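These notes concern the structure reproduced below.
The values are calculated or read from the model by the stated rules, or taken from the named source; none is laboratory data. Since this is a predicted model, take the numbers as computed values, not measurements. As a convention, Cβ positions derive from the backbone with ideal geometry for all residues, glycine included, and neighbour counts pool all protein chains shown. Side chains are part of the model used for accessible areas, which takes the heavy atoms of the whole protein and leaves out ligands, DNA and RNA. Shrake-Rupley method; radii C 1.70, N 1.55, O 1.52, S 1.80 Å.
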Amino acid sequence: MAEYKGVMIYCEVNEGKLAAIATELLGCGRKLADALGQELCAVLVGSNITGLGKGAIASGADKVYEVNDPLLKDYQTDSYVTVMEKVVKQAMPQILILGQTSIGRDLAPRLAFRLDTAAAMDCIALAIDPDSKQLLQTRSVYGGNALATFTSACSPQIATVRAKAMSPLKPDASRQGEVIAIKADLDPSAIRTKVLEKVPEEVAGIKLEDAEVVVAGGRGIGNADGFKQLQELARVLKGAVGATRPPCDNEWVPDAAQIGLTGKIVTPDLYIGVALSGASQHLTGCSGSKSIVAINKDPEANIFKVAHFGIVEDWKKVLPAFTEKVKELLGG
Amino acid sequence: MNIIVCAKQVIDPEAPPASFKVDPSSNKVVPPPGVSPVISPFDEQAVEAALRIRDAQGGKITVISLGVNLLRDVVKKPLYMGADELILLEDESFAEGDSWSTAYALAMAIKKIGEYDIVFCGRQAADWDAGQVGSGIAEILGLPGVTVAKKIDITDGKARVERVTADGYEVVEVSLPALITVSNELGEARSPTLKGIMAGKKKEPVIWKPADIGVEASQVGAAGRRTGLLKLFQPVREGKCEIIEGASPEEAAVNLALKLREAKII
Ligand SMILES: Cc1cc2nc3c(=O)[nH]c(=O)nc-3n(C[C@H](O)[C@H](O)[C@H](O)COP(=O)(O)OP(=O)(O)OC[C@H]3O[C@@H](n4cnc5c(N)ncnc54)[C@H](O)[C@@H]3O)c2cc1C
């Protein structure tokens, strides 16, 4: 029987380009492959992905598998799991890493069960155990209250990794690698779902996950109108507005504004949390921010445990004056 | 419509973060004293999703909970909300499982129930946050699956599911029977009514042991794990916050802006 060997990265494609998470995973995969003294390969699945393999090689891959098929235009569990099963059985990687994204969350567990192995979801650190050569998978558990390190003796070892947890390599266009096309060979009748429509929920302005400044509001903002004040501050700081879950649940802001365990992961230079308590499930999505500012009327609020600067007051009295002063300081 | 919902008892995920403690010697979480466990919130929303379908077109809802030391008042909450039946996979051998052994036991229980159109799970349990059990059950039973749903409409033997994505949602049609995992965007789960509680109190859960679902004790719980937990620990938070003061809230606000400017943060 052939041996499982090497590290494989499932590279997501977004609007015709390698997604940011793909290059982050390639950066992490390169280190793991080097630690094992083995190869790093990338997998690209979709329609119209030809040519993107070069980008994966520039970002660290030694080899790229491309599965290009019109039936793979939209992510669908049945088609993608079937294709990935085929790729894994052909390439036999020891480690397979995916992103903790809408796709990775769905694909990784189902693929793990299909391949009769195990997966560790939402990892923030991966390392090779020097003795056993097994993958040490550290992930956030209990809503971010704890971290847990897992291993598995099953092959391949599958992990999904959280956005922004890993650093990409500087792309090097002179890197060489092989691109291998694999046929999807899908039976359309075996795809039991159909994507009827995609409905974007745009949050106006700078994308939350790319913003260098994030102004986040919580339940204490009280209504959709209150968020207009946060928008004004975000505009002045050239940042984006985010939220905890209650404002999304209450439809004061779109669901896509949610930061946290089941929302977006943000790591801006400046995160300003207004009238939010700092629940673990929220902090897990923003605690990587460089500077954290909290405005909350409750001095015992958990957010003050992670904040660098804070004001203990009613936000309604603080925010207008703060926004005015910032405007003045930034001359805008 | 026959609907099965998997619902798990967990430590209350919204208990104050300061009450969360890990015992490093056993790699286990110490349940916070005086805080009652709850049904994992996404699972409650899965029950809600099932109730909405039954409200619209009738049917039967069977809830399965797997675990040990299941508090009757906690695991009966889906009954109080209006579910028809409760099956407990309650046995020492089911304890300390991972996604694999849990999905396997639940899938075997679902197989034993036999007749179902939809299986609902929460998108992830609020303790281990893995989000694998739903997909695992679907794979073991050979069902199509849709994860992270916020709305489910049933017509002509098919479900139209709104699946939450990072930047909105997609509408996915799936043939039945299917497995669907539910997210909080579905909306709040209903509170039990007094009538519902009275009715639920009268219902006795059915208890199944491994032999009842045709599995060996060695295939479930800790014995059936495919992953090993090496270490469970709490992240260190630095905890040094400078509180900015002022004679008035407005002055504090101005001082904060000046401070951030001085520190070259803005
Ligand atoms: C499995 C699971 C997953 C979850 N995932 C997420 C997630 O991804 N993201 C997320 O955010 N949450 C998530 N949650 C919910 C999370 O546990 C908390 O309930 C939520 O983050 C709390 O939001 P909040 O801080 O806005 O509200 P609260 O905890 O109610 O806090 C409101 C705060 O506002 C302050 N306040 C009120 N009025 C004022 C005022 N006038 N001026 C100043 N301060 C004021 C109060 O002092 C309080 O501290 C999840 C929960 C579970 C169980």
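Okay, residues lined up against (1) closer than 17 Å to B:ALA178 by Cα; (2) of a type outside the set (D, E, K, R):
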{"site": "B:VAL63", "(1), (2)": "yes, yes"}
{"site": "B:LEU66", "(1), (2)": "no, yes"}
{"site": "B:TYR80", "(1), (2)": "no, yes"}
{"site": "B:GLU96", "(1), (2)": "no, no"}
{"site": "B:GLY114", "(1), (2)": "yes, yes"}
{"site": "B:SER135", "(1), (2)": "yes, yes"}
{"site": "B:ILE140", "(1), (2)": "yes, yes"}
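In the stretch A:179-201, of all residues being on the phi < 0 side of the Ramachandran plot and assigned to a loop (DSSP other than H, G, I, E, B), the one that is most open to solvent (accessible area, probe 1.4 Å) corresponds to A:LYS183. Only one of the listed residues (B:ALA95, B:ALA126) is out of contact with any Lys or Arg (no Cβ under 7 Å at 6 or more places or on another chain), at pLDDT 95 or above and either outside the structural domain of B:LYS21 (by TED's automatic domain parsing) or within 20 Å of B:PRO78 (Cα to Cα) (or both). That residue is B:ALA126. Among residues that are near the ligand (Cβ under 7 Å from one of its atoms) and more than 10 Å from chain B (Cβ to nearest Cβ), A:GLY260 is included.
Of the numbered criteria (1) on the phi > 0 side of the Ramachandran plot; (2) open to solvent by less than 20 Å² (accessible area, probe 1.4 Å), the one A:GLY37 fails is (2). The lone criterion from (1) assigned to a loop (DSSP other than H, G, I, E, B); (2) surrounded by fewer than 15 Cβ atoms within 10 Å (Cβ to Cβ); (3) modelled with pLDDT under 95; (4) within 16 Å of the ligand (Cβ to nearest atom) left unmet by B:ALA18 is number (1).
Looking only at residues in the stretch B:161-182 that are facing chain A (nearest Cβ under 7 Å) and surrounded by fewer than 22 Cβ atoms within 10 Å (Cβ to Cβ), which one is modelled with the lowest pLDDT?
For the stretch B:161-182, the residue satisfying everything is B:ASP167.
Conditions (1) more than 16 Å from the ligand (Cβ to nearest atom); (2) facing chain A (nearest Cβ under 8 Å); (3) aromatic (Phe, Trp, Tyr), marked per residue:
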{"position": "B:LEU88", "(1), (2), (3)": "yes, no, no"}
{"position": "B:CYS121", "(1), (2), (3)": "no, no, no"}
{"position": "B:TRP128", "(1), (2), (3)": "no, yes, yes"}
{"position": "B:ILE137", "(1), (2), (3)": "yes, no, no"}
{"position": "B:ILE140", "(1), (2), (3)": "yes, yes, no"}
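Number of residues in the stretch A:214-253 that are acidic (Asp, Glu) and closer than 19 Å to A:THR323 by Cα: the value is 2. Figure legend. Inter-residue proximity from the stretch A:248-273: first residues basic (Lys, Arg), second residues in a loop (DSSP other than H, G, I, E, B), beta-carbon distance below 7 Å, spacing 6+ or different chains. Indicated pairs: A:LYS264/A:GLY285.
Given the criteria more than 12 Å from chain B (Cβ to nearest Cβ), buried (at least 17 other Cβ atoms within 10 Å of the Cβ), within 14 Å of the ligand (Cβ to nearest atom) and assigned to a strand (DSSP E or B), does A:VAL241 qualify? Judged against the criteria, A:VAL241 is a match. Looking across the stretch A:1-48, the residues that are among the β-branched types (Val, Ile, Thr) and in contact with a helix residue (DSSP H, G or I) (Cβ under 7 Å, 6 or more places away or on another chain) come down to A:VAL7, A:ILE9, A:VAL43, A:VAL45. Tell me whether the stretch A:284-291 contains one or more residues that are assigned to a helix (DSSP H, G or I), of a type outside the set (Ser, Thr, Tyr) and more than 9 Å from chain B (Cβ to nearest Cβ). So far as the stretch A:284-291 goes, no, none of its residues is assigned to a helix (DSSP H, G or I), of a type outside the set (Ser, Thr, Tyr) and more than 9 Å from chain B (Cβ to nearest Cβ).
For every residue, the table says whether it meets (1) surrounded by fewer than 24 Cβ atoms within 10 Å (Cβ to Cβ); (2) among the hydroxyl-bearing types (Ser, Thr, Tyr); (3) part of a loop (DSSP other than H, G, I, E, B).
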| position | (1), (2), (3) |
| --- | --- |
| A:PRO268 | no, no, yes |
| A:GLY273 | no, no, no |
| A:SER277 | yes, yes, yes |
| A:ALA294 | no, no, no |
| A:LYS297 | yes, no, yes |
| A:ILE303 | no, no, no |
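Residue under question is B:ASP117, and the condition is that it be more than 7 Å from every other protein chain (Cβ to nearest Cβ) and of a type in the set (D, E, K, R); does it hold? Spelling it out, B:ASP117 is indeed more than 7 Å from every other protein chain (Cβ to nearest Cβ) and of a type in the set (D, E, K, R). Here A:SER277 clears all of (1) touching a residue at least 40 places away in the same chain (Cβ under 8 Å); (2) facing another protein chain (nearest Cβ under 8 Å); (3) near the ligand (Cβ under 8 Å from one of its atoms) except the condition numbered (2).
For B:GLU44, indicate whether it is in contact with a Gly (Cβ under 8 Å, 6 or more places away or on another chain) and farther than 26 Å from A:ALA112 by Cα. Judged against the criteria, B:GLU44 is a match.
From the list A:VAL318, A:VAL312, the one residue that fits, being within 8 Å of chain B (Cβ to nearest Cβ), surrounded by fewer than 22 Cβ atoms within 10 Å (Cβ to Cβ) and β-branched (Val, Ile, Thr), is A:VAL312. Any chance the stretch A:220-238 includes a residue that's at the interface with chain B (Cβ under 9 Å from one of its Cβ atoms), within 16 Å of the ligand (Cβ to nearest atom) and without any contact (Cβ under 8 Å) to a residue 40 or more places away in the chain? Looking through the stretch A:220-238, none of the residues is at the interface with chain B (Cβ under 9 Å from one of its Cβ atoms), within 16 Å of the ligand (Cβ to nearest atom) and without any contact (Cβ under 8 Å) to a residue 40 or more places away in the chain. The residues of the stretch A:202-211 that are surrounded by 14 or more Cβ atoms within 10 Å (Cβ to Cβ) and touching a Gly at 6+ places or on another chain (Cβ under 9 Å), listed by number, are A:VAL203, A:GLY205, A:ILE206, A:LEU208, A:ALA211. Taking the numbered list (1) within 18 Å of A:VAL213 (Cα to Cα); (2) within 13 Å of the ligand (Cβ to nearest atom); (3) in contact (Cβ under 8 Å) with a residue 60 or more places away in the chain in turn, A:LYS327 passes all entries but (2).
If the condition is being assigned to a loop (DSSP other than H, G, I, E, B), open to solvent by 80 Å² or more (accessible area, probe 1.4 Å), more than 7 Å from chain A (Cβ to nearest Cβ) and not acidic (Asp, Glu), then the stretch B:211-266 contributes B:VAL236, B:LYS240, B:ALA247, B:LYS264.
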